[in-house]
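Participant: Questions regarding the structure given below will be posed in turn.
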Amino acid sequence: MSKKSKPEWVPKDGGKAYTTTVVKGKESQHDGMPGNNNLKHRKTTSRRKLTIEDYVNGVLKHDRTILAQTITLIESNSEKHFEMGQEVLRQLLPHTGKSLRIGITGVPGAGKSSFIEALGCQLMKEDLHLAVLAVDPSSSLSKGSVLGDKTRMEMLSRHQNCFIRPSPSGGKLGGVTRKTRETTLICEAAGFDVIFIETVGVGQNEITVRSMVDFFLLLKIAGAGDELQGIKKGVIELADAILINKADGDNLKRAEIARRDFANAMHYLKSPTQGWTPETLTCSALTGDGIYPVWEMIKRFEGEVRKSGVFEQRRNQQNLGWVHDLVSERLLNKFYTDPKIKAMLPQLEKDVINGKIPPTQAAWKLLNHEL
């Protein structure tokens, strides 16, 4: 039995006037407490390394954990992971190509995440499986991302038929990660019927997403001051539809006026999809008004372009463009990692900054490996 003693603050002659006693405790073995560092009986667990077969089977069996790990493998810049990821992708390739890929972009504040949740919940009612690849803005310094889409899509993220994968944009043009195409294929192999790619809204530079989706939706809001710029070429000419969001309350009338303005402007632009006339609609992600007509329009689009053969033709062209993009990326990476280039570059950069040589000459020297 443990010995009892009086607390230090009890006077020596306190007697029975102080009834408080202290019982010496046992040395704890809980995490974070003294004495647990040298416990020989503590079990240490480590995650088992997955094989190529594990990744492939896990994705095909719709295992959410392995699906996430496979995407992480694909996103890795490690040479070892690259080779393994490409083999996983090669084995999954026969199971891809069956989903509908939808790109969703728009200016900041247009309510992209709110709209995706509203439309996604509509898809859940039809018992469809949805994957959302939400590309968040990245810091130009740390390359980190806010990754807040799961908190913004609270209802959708809890649904068992929906998988949300936030990824940092890494500063890439259009806010689309370098591995988004591979991630799309993995999600298709996992059996998702529809894939949303939500991109960083950066105005007319938001064009990269067009090269990897079937349907391209541009979100706008009324009162942003750009209604009269609808005739200008840019991201608008790449859109299969323009949607005026936040059409509710006092903003309902302004949204309808904006819709008509954009509809008139679209007549001056060539459709990005052969055989399809871009449409303009209004909706409210807050109230749900106009959400179902958007989905009806997308399904009508899919039916028409599949019937005409444009759907498959676009997919083939996108795959060829993907090949050339990868070659360009690989060559650029190989160029800048060349020992001669790495040795020459610092001095040439100083010469350009100091005005000793023009940028054109510096580039020529690098390309010809001359000093």
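Participant: Extending each Cα 7 Å along its Cβ direction at VAL323 and LYS340, get the distance between those two points in nm, one decimal.
Facilitator: 2.9
Participant: Convert each backbone phi in region 112-127 into a coupling constant with the Karplus relation 6.51 cos²θ - 1.76 cosθ + 1.60 (shift: θ = phi - 60°), then list the ³J(HN,Hα) values in order as whole Hz, x for Gly and Pro.
Facilitator: 4, 5, 5, 5, 4, 5, 5, 5, x, 5, 5, 5, 5, 5, 8, 6
Participant: Would you count, across region 262-362, every pair of lysines whose alpha carbons are under 21 angstrom apart, provided the pair is eight or more residues apart or spans two chains?
Facilitator: Count of close lysine pairs: 7.
Participant: Can you tell me how much longer the chain between LYS307 and GLN361 gets when fully stretched, taken as 0.36 nm per residue apart minus their C-alpha distance, in nm with one decimal? Don't jump to the answer; show the numbers that get you there.
Facilitator: Values: separation 54, 0.36 × 54 = 19.44 nm, distance 5.27 nm.
Contour length minus the Cα-Cα distance gives 14.2 nm.
Participant: State the extension gain, in nm to one decimal, for the chain segment bounded by ALA263 and THR51, taking 0.36 nm per residue of separation less the distance between their alpha-carbons.
Facilitator: Values: separation 212, 0.36 × 212 = 76.32 nm, distance 5.22 nm.
Extra length available between ALA263 and THR51 comes to 71.1 nm.
Participant: Any idea what % of Cα-Cα pairs in region 326-367 are farther than 13 Å?
Facilitator: 55
Participant: In addition: Using mean Cβ contacts within 10 Å as the protection proxy, how do 110-119, 238-247, 271-280, 342-351 order, highest first?
Facilitator: 238-247, 110-119, 271-280, 342-351
Participant: Modelled label-to-label distance, ILE353 and GLU83, 7 Å Cα→beta-carbon offset: nm?
Facilitator: About 3.8 nm separates the two model spin labels.
Participant: Also, quick follow-up: Arrange LEU218, LEU331 by Cβ neighbour counts within 10 Å, fewest through most, would you?
Facilitator: With the sparsest Cβ surroundings first, the list reads LEU331, LEU218.
Participant: Turning to a different aspect of this structure: May I ask you to compute the full-extension gain from ASP193 to THR96, defined as 0.36 nm times their residue separation minus their alpha-carbon distance, rounded to one decimal in nm?
Facilitator: Numbers: separation 97, 0.36 × 97 = 34.92 nm, distance 1.07 nm.
Full extension from ASP193 to THR96 adds 33.9 nm.
Participant: How fast does region 294-334 diffuse by Stokes-Einstein, in µm²/s, taking the Kirkwood radius from C-alpha pairs at 10 °C and 1.306 mPa s?
Facilitator: 132
Participant: Quick one: compute a quarter of the convex hull surface over the Cα atoms of region 218-371 and quote it in nm². Numbers along the way, then the final one.
Facilitator: Values: hull surface 56.7 nm².
Its average projected convex-hull area is 14.2 nm².
Coordinate-derived values only; no laboratory data. Here the structure is a predicted model, which means the values were calculated and not measured. When we count neighbours, we look across all protein chains shown, and the Cβ atoms used for this are built from the backbone with ideal geometry, even at glycine.
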